[in-house]
1. Check whether at least one residue in region 27-35 is among the aliphatic types (A, V, I, L, M), farther than 30 Å from Pro301 by Cα and within 25 Å of the chain's Cα centre (by Cα), and report yes or no.
2. All but one of (1) within 26 Å of Leu297 (Cβ to Cβ); (2) within 23 Å of the chain's Cα centre (by Cα); (3) hydrophobic (A, V, I, L, M, F, W, C) hold for Trp179, so report the exception by its number.
3. Does Leu278 satisfy the criteria of being more than 30 Å from Glu139 (Cβ to Cβ), within 16 Å of ligand 1 (Cβ to nearest atom) and out of contact with any Ser or Thr (no Cβ under 8 Å at 6 or more places or on another chain)?
4. Which pairs turn up if I take residues in region 100-116 that are within 16 Å of ligand 2 (Cβ to nearest atom) and at pLDDT 95 or above and look for partners that are among the aliphatic types (A, V, I, L, M) and part of a strand (DSSP E or B) with beta carbon separation below 7 Å, at least 6 apart in sequence or on another chain?
5. If Arg261 satisfies every condition in (1) of a type in the set (Lys, Arg); (2) modelled with pLDDT under 95; (3) away from ligand 1 (no atom under 16 Å from the Cβ); (4) within 29 Å of Arg313 (Cα to Cα) but one, which is the exception?
6. Would you pick out the residues in region 296-353 that are in a helix (DSSP H, G or I) and at positive phi?
7. Is at least one residue of region 160-170 without any contact (Cβ under 8 Å) to a residue 40 or more places away in the chain and surrounded by 15 or more Cβ atoms within 10 Å (Cβ to Cβ)?
8. Quick one: in region 233-248, which of the residues that are exposed (fewer than 15 other Cβ atoms within 10 Å of the Cβ) and either modelled with pLDDT under 95 or of a type in the set (A, V, I, L, M, F, W, C) (or both) is farthest from Ala88 (Cα to Cα)?
Amino acid sequence: MSSTKTPQAIRGTQDIFGPEAEVFAFVVETFERVRKLYRMRRVEMPVFERTEVFARSIGETTDIVSKEMYSFEDRGGESLTLRPEFTAGIARAFITNGWQQHAPLKVATQGPLFRYERPQKGRYRQFHQLDAEIIGAGEPQADVELLAMADQLLKELGISDGVTLHLNTLGDGDSREAWRAALVEHFRQVRGDLSEDSQERLEKNPLRILDSKDPRDRAFVADAPQIDAYLSDEAVRFFEQVTSGLDAAGVAWTRNPALVRGLDYYRHTAFEFVTDRLGAQGTVLGGGRYDGLIESLGGAPTPAVGWAAGIERLAMLVGERAPQERFDVAIIPMDDAGLAQANSLARSLRAEWNNVEIYATGKLKKRMARANDAGALVAVLIGEDEIAAGEVTVRDLHDGEQARVAPADVSGIVAKAQNAQWLRQTEHSGIGLPDWIDPDA
Ligand code: ATP
Ligand code: MG
């Protein structure tokens, strides 16, 4: 009985299809365009690493390492972990491959990550991120550049309205330690009134209490000591250079002195792009400076800064706004001879970057309807008559105009139809046409 039952998908994984898959691809393609504008090089990283790569860099006391990792022993008895983030693996690769010679190394990547979390809207066990890192750059300009890139990405995706950049500094190592001690002191006095989670955080990772969403903690978070009182002169100067750089680059930001981020490795700049349109899953992009990380993995001291963005959350914000892929030509052959012609014509049209689909089967009327519904600009019909005459019938699906032409002339007609559609969209969007364009040409 059970052997005939269909195995179900794993909880917290997604089978992405239809409009959601289109939006997902739009997010990834937009990221690819934007990362090139910033001259970031592409890297492809392993999906799993030795467990210690994550345990040592992210920190044993973080949520990720203490309860979210997918770790297992492989057949050789080695403890491996499916990557819960990109940064640690890239840092490992920087050391083991001697990428030091390329410093400052500007890299971007994208792909699946794994965290054992409680699945809900915008939170999955296999999710996907875009990731950008600059390794071997200690100057605030690197932070500015990465934030400008993130900001432009959101603009290109059409979702920057309603997403706010929250910015903070955690200072250098000494500032952070002094602040940490003050926080422990502050929260210890109200220990018994804190949530159970925060009581535990008090010993292990007190900064994380600032991150707590539990109402029992919020009141004590509000009057907790702020980092500013503990910043060294150098840390203050660094943060000023980041904020003035952002202002010059036209990147809007707001100071959030309670922003800490969950991981141990952050120093100086920490940031999140946050929206209130996704409920509790409102952080779409987060990152910061992690100057101590590479050293903690056994490499030479190396300053670095980076960010990651959840593709699913970005895609949810993009929603319906994703642009439709253009569909140029639907080719409809009537028989086998027509199909051979269709394949030949499709090949030459696609070589000129037209999007083409051949509708080879079904009733003629149905196929025309499918081409129409899919939004094709032009239909090409190839029947016995056409083949005998060495021609095809081309129909403009917008105005219904139809003509018999030589196959070689189809691409010119398609170009005209594309032009006409572009003009319609331009008019529709209210953008005035430059006067050298004749809309009737
Ligand atoms: P959150 O506070 O929502 O748990 P996080 O601080 O754990 O986020 P990061 O480790 O900074 O997240 O990862 C960067 C981005 O990746 C997040 O801002 C979010 O967009 C996305 N992300 C993180 N975890 C998940 C998940 N389980 N499912 C979907 N997206 C995720
Ligand atoms: Mg998390």
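The values are calculated or read from the model by the stated rules, or taken from the named source; none is laboratory data. Quick caveat: nothing in here was measured; it's all calculated off a predicted structure. Cβ coordinates were reconstructed from backbone atoms using ideal geometry, including for glycine residues, and neighbour counts include every protein chain displayed.
1. yes
2. Failed condition: (2).
3. Values: more than 30 Å from Glu139 (Cβ to Cβ): yes; within 16 Å of ligand 1 (Cβ to nearest atom): yes; out of contact with any Ser or Thr (no Cβ under 8 Å at 6 or more places or on another chain): yes.
Answer is yes for this residue.
4. Phe114/Leu82
5. Here Arg261 meets the rest and fails (3).
6. Of everything in region 296-353, just one residue is in a helix (DSSP H, G or I) and at positive phi, namely Gly319.
7. Yes, region 160-170 has at least one match.
8. Here the residue is Ala248.
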